[in-house]
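Chemist: I'd like to ask you about the structure that follows.
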Amino acid sequence: MTSIGFSNWTGSPYGIEIKNQLQYIDRGEFDVKLAMCRKLMIKPLFVMRMLPKSYSWEVVRQGGYAFIMKYQLYPHGSEALAREVRDKLSLPVDSPPLIHETTLNRFLTWHNGTKDVPVNFWRIHGAIVEWTPNH
């Protein structure tokens, strides 16, 4: 994982993987990151530009969250470069001054809805179910 963090609200541990790249995360690397979270009993939090739906589903099944950004983000102040790359190469890049509130609210809504769900469990139709890996 890129890092391990704890929620300021609940003390819940998260394994945080951040990929600010145009291509998907390698499948092998993704599987290793999920296995690390299972072994360490921490919730996976993948912050990515894009993630295949099947990967996102695996993160959710393990009690985690896939935070999809849509754009590859350049550092604040790089608006001109981002615009040039976007216009000339038609790539999904941006250089926002901050993450939009609606984007952050999606994560907070998930976080607040899973505070009572133990690590390696997930909520389905109101029931809390233990996650069991298929492999």
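Chemist: With the condition being at pLDDT 90 or above, I'd like the strands (runs of 3 or more DSSP E) fully within the range 1-67 carrying at least 1 qualifying residues.
Modeler: Strands (runs of 3 or more DSSP E) meeting the threshold: 43-48.
Chemist: Tell me which of these Pro75 doesn't satisfy, since it passes every other one: (1) under 25 Å from Gln23 (Cβ atoms); (2) part of a loop (DSSP other than H, G, I, E, B); (3) of a type outside the set (Ser, Thr, Tyr); (4) at pLDDT below 85.
Modeler: (4)
Chemist: Among the residues of the range 93-117 satisfying the criterion of being in a loop (DSSP other than H, G, I, E, B) and more than 18 Å from the chain's Cα centre (by Cα), which is farthest from Met48 (Cα to Cα)?
Modeler: Asp116
Chemist: For the range 17-38, state whether one or more residues are of a type in the set (Val, Ile, Thr), out of contact with any helix residue (DSSP H, G or I) (no Cβ under 6 Å at 6 or more places or on another chain) and touching a residue at least 60 places away in the same chain (Cβ under 8 Å).
Modeler: For the range 17-38, residues of a type in the set (Val, Ile, Thr), out of contact with any helix residue (DSSP H, G or I) (no Cβ under 6 Å at 6 or more places or on another chain) and touching a residue at least 60 places away in the same chain (Cβ under 8 Å): absent.
The values are calculated or read from the model by the stated rules, or taken from the named source; none is laboratory data. What you see is a predicted model, and the numbers here were worked out from it, not measured in a lab. Neighbour counts run over all protein chains shown; Cβ positions are idealised from the backbone, glycine included.
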